[in-house]
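Since the structure comes first, as structure tokens, the remarks are kept for the end.
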Amino acid sequence: MEKSLVLIKPDAIQRGLAGEIISRLEKKGLKIVAVKMLHMDNTLAQRHYAVHKGKAFFNDLVNFITSGPVIALIFQGKNAVQIIRQVMGETDPAKAHSGTIRGDFGIDIGHNLIHGSDSLENASKEINLFFSDEEIFNYDRELDAWIY
Ligand code: DAT
Ligand code: MG
């Protein structure tokens, strides 16, 4: 069972889309095992987006992600990393297919509503940035035994 980090970004919170986004991932079959609201500071933003340091959009990205509160979640499920990326859609909402979160609700690459880890390795790193072990829940759902 994979775990992946999701951030509901400040634009989604401002637009009242947090519930819609969480609901889509939940309905897909992924299990919420951790959740918190926080306002990311510059240090956390730089760490989370370290791979993009030096790129032209880096400062805008850090300014945006620290511009207001986010909701951080860990979703767990079979192939969670890849499935979340599919439900999110492509990075640029203008190119993301309809039916995806970014395709349905976004138009601007700088305001694309949701973050999801792009690999199992990065998921593990990102989870450790946002959550301690005590904040991550291990529980069974009855349907896990027969669907997943
Ligand atoms: P993703 O969020 O799909 O994993 P990414 O890791 O390549 O995309 O980039 C992180 C974020 O940076 C992305 O969600 C939005 C922003 N970003 C990426 N490419 C950009 C660009 N060319 N111009 C402006 N912002 C960009
Ligand atoms: Mg990424």
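The values are calculated or read from the model by the stated rules, or taken from the named source; none is laboratory data. Not measured: the values here are computed from a predicted model. Cβ sites come from the backbone with ideal geometry, for glycine too, and all protein chains shown count toward neighbours. Surface accessibility is based on the protein's heavy atoms, side chains included, excluding ligands, DNA and RNA. Shrake-Rupley method; radii C 1.70, N 1.55, O 1.52, S 1.80 Å.
Annotations for the structure displayed:
- Among the residues of the stretch 97-124, those identified as away from ligand 2 (no atom under 14 Å from the Cβ) and in a loop (DSSP other than H, G, I, E, B) are His97, Ser98, Gly99, Thr100, Gly106, Ile107.
- Which numbered condition Ile83 misses (of (1) farther than 15 Å from Ala45 by Cα; (2) β-branched (Val, Ile, Thr); (3) open to solvent by less than 20 Å² (accessible area, probe 1.4 Å)): (3)
- Residues that are within 15 Å of Ile114 (Cβ to Cβ) and free of Cβ contacts under 8 Å to residues at least 24 places away in the same chain within the stretch 48-74 comprise just one, Tyr49.
- Which listed residue is touching a Leu at 6+ places or on another chain (Cβ under 7 Å) and under 16 Å from Thr100 (Cβ atoms), from Val70, Val81: Val81
- Candidate set: the stretch 87-111, residues that are within 12 Å of ligand 1 (Cβ to nearest atom) and open to solvent by 40 Å² or more (accessible area, probe 1.4 Å); chosen: the one farthest from Ser67 (Cα to Cα): Lys95
- Out of Ile127, Ile84, one residue alone is under 19 Å from Ala72 (Cα atoms), assigned to a helix (DSSP H, G or I), within 14 Å of ligand 2 (Cβ to nearest atom) and not hydroxyl-bearing (Ser, Thr, Tyr). It is Ile84.
- Those residues of the stretch 107-148 which are at pLDDT 95 or above and of a type in the set (D, E, K, R), in sequence order: Asp108, Asp118, Glu121, Lys125, Glu126, Asp133, Glu134, Glu135
- The stretch 7-28, residues that are touching a residue at least 60 places away in the same chain (Cβ under 8 Å) and either surrounded by fewer than 16 Cβ atoms within 10 Å (Cβ to Cβ) or touching a Lys or Arg at 6+ places or on another chain (Cβ under 8 Å) (or both): Arg15, Glu20
- Pairs meeting the criteria (first residue in the stretch 36-47 and within 14 Å of Lys125 (Cα to Cα), second residue part of a strand (DSSP E or B), beta carbons under 9 Å, at least 6 apart or on different chains) are Leu44/Leu38.
- Among the residues of the stretch 130-148, those that are away from ligand 2 (no atom under 16 Å from the Cβ), in contact with a strand residue (DSSP E or B) (Cβ under 9 Å, 6 or more places away or on another chain) and open to solvent by less than 100 Å² (accessible area, probe 1.4 Å) comprise Phe131, Glu135, Ile136, Tyr139, Arg141, Asp144, Tyr148.
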